[in-house]
Amino acid sequence: MSKKNECFETLRDALIIRKKVTEVLRVLALQTQKRLEVLQENLTTSNTDEEHDKIKNELREERFNFWLIKEECSLVATKGADLTGALRTANTIFPIYMSEFTERRVFMDKALGACNVLQDELQYIAEAVYADKNKFTALVLEIDVLFKKIKNVRQADNRFLKELKD
């Protein structure tokens, strides 16, 4: 892999991870919506007051889970866009001056920060809501690999330092 293509490959990997994260959250949201529909149907067919109250409590919890998943989906989607946007912007800067080098590095730092937020949010979702923790753990590990790739690209950018103008 040439140094010239490292950022492109890293961006491609970020886009793939972003798509995987979106898919996992989509499935989780749809599952939660289905649970809500089933509980709502069960509420109308419940026979006893005790059963009715139990289903109402489950319904409240499920509504909260659905709200939480929607909020987290929004945040994760924003951070996924921040990640790929920062990488794409960094990749458009071919530094000739030190200020351009610094600007490119700032965008790489933003991408690293977005990776950290994505990992935190996925871990939170896996803990806060019933979820297949294995899927979330796998995504967190993929994001960790991406984080390391971004750091490697950032490190490789030091090759520009000898040629930079003030």
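Across region 20-48, the number of residues qualifying as under 22 Å from ALA131 (Cα atoms), open to solvent by 70 Å² or more (accessible area, probe 1.4 Å) and polar (S, T, N, Q) comes to 4.
Quick grid of which residues meet (1) open to solvent by less than 40 Å² (accessible area, probe 1.4 Å); (2) among the small types (Gly, Ala, Ser):
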position	(1), (2)
ARG105	no, no
ALA111	yes, yes
ASN116	no, no
GLN123	no, no
ALA128	no, yes
LYS135	no, no
GLN155	no, no
LYS162	no, no
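Of everything in region 49-79 that is out of contact with any helix residue (DSSP H, G or I) (no Cβ under 9 Å at 6 or more places or on another chain) and more than 24 Å from CYS115 (Cα to Cα), the residue that is most open to solvent (accessible area, probe 1.4 Å) is GLU50. For PHE107, indicate whether it is out of contact with any strand residue (DSSP E or B) (no Cβ under 6 Å at 6 or more places or on another chain), among the aromatic types (Phe, Trp, Tyr), modelled with pLDDT of 95 or more and within 24 Å of VAL21 (Cα to Cα). For PHE107, the condition - out of contact with any strand residue (DSSP E or B) (no Cβ under 6 Å at 6 or more places or on another chain), among the aromatic types (Phe, Trp, Tyr), modelled with pLDDT of 95 or more and within 24 Å of VAL21 (Cα to Cα) - is met. Annotation note: Cβ proximity below 6 Å between a residue of region 131-157 that is assigned to a helix (DSSP H, G or I) and a residue that is exposed (fewer than 13 other Cβ atoms within 10 Å of the Cβ) (sequence gap 6+ or interchain) occurs for ALA156/LYS3.
The values are calculated or read from the model by the stated rules, or taken from the named source; none is laboratory data. Quick caveat: nothing in here was measured; it's all calculated off a predicted structure. Backbone-built Cβ (ideal geometry, glycine too); neighbour counts: all protein chains shown. SASA here: full protein model, heavy atoms, side chains in, ligands and nucleic acids out. Shrake-Rupley method; radii C 1.70, N 1.55, O 1.52, S 1.80 Å.
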